[in-house]
Amino acid sequence: MSDRPFLVLGLFQDADKLVHGIRALKSTYGDKLEAYTPYPIHGIEKELGIPKSHVGKIVLALGLSGLTLALGFQSWVFTTDYQIQFGGKPYFSWASFVPIVFEVTVLLACIVGAVFGMLVLVNKLPHYSHPILSSRSMPKITRDRFALAVSVDTAEDAARAEAALRQAGAPETEVVHGTDEIGSGPLLPLKPVLATVIICVLAGLGTWHLQRLWNKLPLISIMDEQTKVLPFRANAFYPDGQSMRPLVPGTVSRSAEYAAWTTPEEAGQMLVNPLSADSLTLAKGRRGYETHCLVCHGQLGDGTKLLSDKYTGAPANLHQARLKEAPDGHLFAVVTAGKNTMAGYGKDIPAADRWAIVHYVRVLQRALDASDADVQAAQAVAAAAPVAQGGSH
Ligand code: HEC
């Protein structure tokens, strides 16, 4: 650090005197003036002629880019790259993009824009030191003195500035020596990176250690240590001396339902649809089909999938002769346990609903291949229906 005069400080007793001082020196020193005060003084930046900060513009620009980025990315993903059908909604469903658009906008605007914009671009951090920090006046400035600083280069400059400050009403002055250079050397720009790496490593180690510690904390072991019945232990409470209770008589296991058959063909021989194809059952079957099957097998059951080409499976056409002739039990078994690349729905759909879906598949099959008799029957139903329909609407 060189020893040339860098700043001359004039210490004023209060903010008003400081402002008077600024006004007196403004014409001579212009942008060489800077004020250091124990608390922010409203309007002082105007007196000093400091232009309005650019942080607002940075925040606006980053906020807008966050908005565009998030909206654009989601639009591209959902309309082009990976189309997924959600309950028949259009691929460009902008309302569902709002949360992510909002988050990314706020993230870029606040964290990147406001924090980094202010610290790095406007305040020019990292800035490791400044000569004023080691000046005699610094403790006073942080307490109850208001300093006006004039940047100077030479000893003559400093003497002139000191005289001017005293004339402007500063009872106390100090010449601060040093330079504002923050050092040099090849490692300098790496310092913030190095600091970040060290912080990350320390944070990682800390988290790792805390996690190991966490398991041993009494807070977490409460459930381990509580008095409770463990399944394979002896227990004097029950007459049979065991903790584990026997099954309630008559319990049927989940898998018993299709334990009796192994292939759809076998199930077709063994099982009979327990439901009648009444309108309630068909409505239930339709709901089930549209919820679980439609995306793959299509609205009409002809295998026209609604999924994008990313789904490479080839859902069966349910109108093929083999499936029309297959007994209900065959279809039920496919829905229950799946077949080849189709997954089973035994765990997701109750058995009664699976049988209802089978009925509805029959409706689809017959609707695409109706005989004259079917059409006449449907017309007869329609002719008789107005009364009933009128009543229900
Ligand atoms: C994720 C897509 C997908 C869904 C959802 C789906 N399937 Fe399938 N399904 C397929 C594929 C693929 C095949 C062809 C499997 C194969 O290779 O044999 C198939 C085959 C079938 C078959 C023919 C079985 C045979 O014996 O050849 C039937 C019947 C069937 N599905 C009914 C249904 C029903 C009913 C539902 C709704 C509960 C349903 N599927 C849901 C993809 C799907």
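The values are calculated or read from the model by the stated rules, or taken from the named source; none is laboratory data. None of these values were measured; they are calculated from a predicted model. All Cβ positions, glycine included, derive from the backbone under ideal geometry; neighbour counts span all protein chains shown. Heavy atoms of the whole protein, side chains included, go into the accessibility calculation; ligands, DNA and RNA do not. Shrake-Rupley method; radii C 1.70, N 1.55, O 1.52, S 1.80 Å.
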**Partner aspartates and glutamates for LYS52 [C-alpha distance under 19 Å; skip if fewer than 8 residues away on the same chain]** = ASP31, GLU34
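Please state, to two decimals, what the Cα-based radius of gyration of the range 256-386 comes to when divided by 2.2 N^0.38 Å (N = residues). Write down the numbers at each step before the final one.
On the way: Rg = 15.3 Å, N = 131, 2.2 N^0.38 = 14.0 Å.
Against the compact-globule rule of thumb, the ratio is 1.09.
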**Item:** Integer Hz, Karplus 6.51/-1.76/1.60 couplings in order for the range 296-307, x for Gly and Pro
**Value:** 9, 8, x, 3, 9, x, 8, x, 7, 6, 8, 6
**Request:** Bin all alpha-carbon pair distances of the chain at 10 Å intervals from 0 and give each bin's fraction as a whole percent.
**Result:** 4, 12, 13, 12, 13, 11, 9, 8, 9, 7, 2, 0
**Prompt:** For labels at THR227 and VAL272 in the simple 7 Å Cα→Cβ model, what's the distance in nm?
**Reply:** 5.6
**Asked** Each residue of the range 360-373 in order: what ³J(HN,Hα) in whole Hz does its phi give by Karplus 6.51 cos²θ - 1.76 cosθ + 1.60, θ = phi - 60°, with x for Gly and Pro?
**Response** 5, 4, 4, 4, 4, 4, 6, 5, 7, 9, 6, 8, 4, 5
**Asked** Okay, helix-only estimate at 222 nm for the chain: each DSSP H run of n ≥ 4 adds -39500 (n - 2.57), divide by all residues, round to 500 deg cm²/dmol; what do you get?
**Response** -15000 deg cm²/dmol
**Computed log₁₀ I(q)/I(0) - Debye formula, equal Cα scatterers, no solvent, the range 290-332, q 0.15, 0.16 Å⁻¹** = -0.38, -0.43
**Asked** Tell me, what is the 1.4 Å probe accessible area of TYR82, in Å² to the nearest 10?
**Response** 100
**Request:** Step through the table entries LYS324/LYS347; LYS284/LYS347; LYS89/LYS324, compare each Cα-Cα distance with 22 Å, and write down the pairs that go over it.
**Result:** LYS324/LYS347; LYS89/LYS324
**Ellipsoid semi-axes in whole angstrom, largest first, where each is sqrt(5λ) of the Cα gyration tensor of the range 296-370** = 18, 17, 11
**Fill in**
Probe 1.4 Å, heavy atoms of protein chains only: per residue, the accessible area of the chain in Å² is 67
**Request:** For LYS26, list the lysines whose Cα falls under 16 Å from its own Cα; do not include residues on the same chain fewer than 8 positions away.
**Result:** LYS17, LYS46
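Per the Kirkwood definition applied to all pairs of different Cα atoms, how many angstroms is the hydrodynamic radius of the range 5-177?
Details: mean 1/r = 0.0510 Å⁻¹.
Here the Kirkwood hydrodynamic radius works out to 19.6 Å.
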**Prompt:** So what are the ³J(HN,Hα) numbers for the range 335-345, from phi and the Karplus equation (6.51, -1.76, 1.60; θ = phi - 60°), rounded to whole Hz, Gly and Pro as x?
**Reply:** 5, 6, 10, x, 8, 6, 8, 8, 7, x, 10
**Message:** With a 1.4 Å probe and all protein chains kept in place, how much accessible area does THR68 have, in Å² rounded to the nearest 10?
**Reply:** 90
**Prompt:** What residues qualify as long-range amide H neighbours of VAL176, i.e. H under 5 Å apart, gap of 5 or more or another chain, H built at 1.01 Å from N?
**Reply:** PHE6, LEU7, VAL8, LEU9
